[in-house]
Every structure is written in C-alpha cells, then in structure tokens.
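Please treat every number below as a calculation from the coordinates, not as lab data. This structure is a prediction, so every number in the text was calculated from the model and none was measured. Reconstructed Cβ throughout: ideal geometry from the backbone, glycine too, with neighbour counts over all protein chains shown.
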Amino acid sequence: MTAKIRFTLLLVGGLFICLGVYFFLFKPVLNQLSAQSEVLRQKNVEVATMRQQIIAYKSAQTDLSKAVEKDRILNALLQREELVSAIKNLEKAASVTKTSETLKINEPGAEQDNLPDPVVEAGGYLGEIPYRVSTINDFLGTVQFLRYLEHLPQFTEIAQINLSAETVDSDTQGRIYTGKVFGTIDGVFFVKTSP
C-alpha cells in the first residue's frame, strides 16, 4: 500500500468518523437545543401574554371601582319622588342626637320664604329643592346633628347655619344661658330631573 492510498483511506476514514460524530452526537444535541430554544420562546410569549393580562386585569379593576363609585354617586341623586328617604335620614339624625327639629321644604315655583338661592344653575339633569331645618338641642347635640347631616347618603348642600343660645332674664343675675342652642340650617337637596 502506497502512501497515497493510505492517505486517501485515512482521509476517507476521518471523513466518515467526522460524519458519524456529527450525525450521531452533534446533530441530536443541536436538535435538542433547537427544541429547547423553541420551548423557551413559547414560554417567553406566554409570560408576555400573562403580563399583558395582568395589566388588563388591573385596568379592569380600576375601571370597575370607578363604575362602582359612579353608581354610588348616581344613587345619591334621588328622583324628586324619592325625596322621602332623604327626609327620613334627616329625621333619623335628629332622633339619634335627640335634636328637636322642624323641616320646611319649598318646591320650585312656590313662595321661597327666604330659603337659600340655588347653589348652581344646573338645569336639565340636576335640580335643587331648598329646605330649612330649625333645631333645638344643647351645643354637643347640635354639633352631632351637623355631623350626621354631613354624612347623609344623599347629596345636599348647606348654604347657611345660624346658631343662637337660649337665655332667660333673671331679676338677681341678669341674663342666664339655659344651655339650649337654637339652630337654623338652610340648604338644598340635589335631585335628578328629566332633561
């Protein structure tokens, strides 16, 4: 065997060995890497999709909380015919605080009897019904009554509050304060009207 044939056989043998190593060792490893790479790419797509869904979920939660708040606000605006519930809440506040109260409501078009002017000229969807509450209680009870008014579930605006102490004349001591407070609260209830 000549050196040329040996060299050719060695070259061909080396080529077969290299091809064998490539097909039996490297190619399966490359195929596995390619498959793992595809799985990783799919997982990255799933993670990106999940992140987008989380953002959409949080946005939907925010929108829902705004919608719930909107419903609460809309429910705070009563129809004119439902004003009885606001009056009951006002009377409940008076009962809880042991306040003697007298409520006077003036409908639009009726004589206003020095009730407050409208707070806003909304027209259409928002109407105002002026009212005056006259109260008698001690100072602490009057303050508690005002706190209840502040937290009524219906929209109301207080335009003016007048408080005065009850006094009696005494021959020996002059004027004596009895501890009772007379209050006058002018305000308006906001109601829904048809546009």
Report summary line: One finds, for LEU30 and ILE55 with R0 = 25 angstrom and r their Cβ-Cβ distance, a FRET efficiency to the nearest 0.05 of 0.10
Query - Simple label model, 7 Å out from Cα along Cβ direction - LEU10 to LYS88, nm - result: 10.8
Query raised in the report: Could you put TYR57, TYR148 in order, starting from the residue whose Cβ has the fewest other Cβ atoms within 10 Å?
Result: TYR57, TYR148
